[in-house]
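Below is one structure, written out as C-alpha cells; the observations come after it.
The values are calculated or read from the model by the stated rules, or taken from the named source; none is laboratory data. What you are looking at is a predicted structure, and each value in this text was computed from that prediction instead of being measured. Heads up, the Cβs are rebuilt from the backbone with ideal geometry, glycines too, and the neighbour counts pull from every protein chain shown. What goes into the accessible areas is simple: the full protein's heavy atoms, side chains included, and nothing from ligands, DNA or RNA. Shrake-Rupley method; radii C 1.70, N 1.55, O 1.52, S 1.80 Å.
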Amino acid sequence: MYFQQQHHHSLQGFLEYYLKMPQESSRFLEVTTFSGLLTRSDVRTVAHVLGLQSDKLLLLSLHQFDTEASFYSKIRSFLQDVEPSLHILIVQMDLEEHCSDELIASAKYCTMNYLMSLDHHSCCTVFIAKLSRIPSGSQYIGFQG
C-alpha cells in the first residue's frame, strides 16, 4: 500500500501527483528527508518534469538569510507582480547545520502569511528539512498549524 498508493519515490513524482489534485490556489507542503538537499540542477529537472519554466520555481536555503526581512523580501520579489500561473517556492534547511526552531517557525509563518495576502495566485510552497541520521539533542517536530 505504501509504495502503490503514495508517491514517495521522488520529489518530482510527489509534486507531479500532488499538483494534479484539486485544491486551493495556495498549497503548503512539508517534506522531511535523510537524503541530500536540492541543487540548482535538481530544480531545473523538477521544473522540466512539471512542465514549468525555471523562473516559476525558486529554491531558497534557509541558512542563506540573516533576517526575517531579507527572507520575506526574497519571497515577495518572486511572487509579486506576476501572472496567476503556478509558481513553486522551495525552502530547504539542513538540520545538521543547527537551524533553530524559532528560525524555521518564523520562515514558515512568514511564508504562509504572505501567501494568504495574495489574490488569485497559484503557489505551492515546499519546505524540505534534511534530518540527521545521528541522534542529537534537538527534535524536529514539523510544522504545527
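I want to confirm something. Restricting to segment 121-139 and keeping residues that are surrounded by fewer than 16 Cβ atoms within 10 Å (Cβ to Cβ) and hydroxyl-bearing (Ser, Thr, Tyr), which single residue is modelled with the highest pLDDT? Filtering segment 121-139 for residues that are surrounded by fewer than 16 Cβ atoms within 10 Å (Cβ to Cβ) and hydroxyl-bearing (Ser, Thr, Tyr), the one modelled with the highest pLDDT comes out as Ser132. Within segment 8-41, the residues that satisfy the criterion of being charged (D, E, K, R), outside any strand (DSSP E or B) and in contact (Cβ under 8 Å) with a residue 12 or more places away in the chain are Glu16, Arg40. When Gly36 is tested against (1) at pLDDT 80 or above; (2) open to solvent by 70 Å² or more (accessible area, probe 1.4 Å); (3) more than 19 Å from Met116 (Cβ to Cβ); (4) not hydrophobic (A, V, I, L, M, F, W, C), just one condition goes unmet, and that condition is (2). The one condition from (1) open to solvent by less than 80 Å² (accessible area, probe 1.4 Å); (2) more than 25 Å from His9 (Cα to Cα); (3) in contact with a Ser or Thr (Cβ under 9 Å, 6 or more places away or on another chain); (4) modelled with pLDDT of 85 or more that Leu118 does not meet is (4). Residues in segment 7-20 that are surrounded by fewer than 16 Cβ atoms within 10 Å (Cβ to Cβ) and modelled with pLDDT of 75 or more: Ser10, Gly13, Glu16, Tyr17, Tyr18, Lys20. Within segment 78-105, residues that are assigned to a loop (DSSP other than H, G, I, E, B) and hydrophobic (A, V, I, L, M, F, W, C) have Cβ atoms under 9 Å from residues that are at pLDDT 80 or above and open to solvent by 30 Å² or more (accessible area, probe 1.4 Å) in these pairs: Leu86/Leu50; Leu86/Leu52; Cys99/His63, counting only partners at least 6 apart in sequence or on another chain.
In the set (1) outside any helix (DSSP H, G or I); (2) within 25 Å of Gln12 (Cα to Cα); (3) open to solvent by 20 Å² or more (accessible area, probe 1.4 Å); (4) modelled with pLDDT under 90, Leu58 fails one condition alone, (4).
Taking the criterion of being within 17 Å of Glu97 (Cα to Cα) and of a type in the set (Phe, Trp, Tyr), the only residue of segment 57-72 that qualifies is Phe65.
Would you mind finding the one in Ser61, Ser70 that is out of contact with any Leu (no Cβ under 9 Å at 6 or more places or on another chain) and not aromatic (Phe, Trp, Tyr)?
From the options Ser61, Ser70, the qualifying one is Ser70.
Considering only residues that are among the acidic types (Asp, Glu) and surrounded by 13 or more Cβ atoms within 10 Å (Cβ to Cβ), look in segment 61-95 and name the one that is nearest to Tyr114 (Cα to Cα). Steps first, please.
Restricting attention to segment 61-95, the residues satisfying the condition of being among the acidic types (Asp, Glu) are 66, 68, 81, 83, 94.
Cutting the leftovers down to surrounded by 13 or more Cβ atoms within 10 Å (Cβ to Cβ) gives us 68, 94.
Values: Glu68: 12, Asp94: 23 Å.
Only one residue fits best here, namely Glu68.
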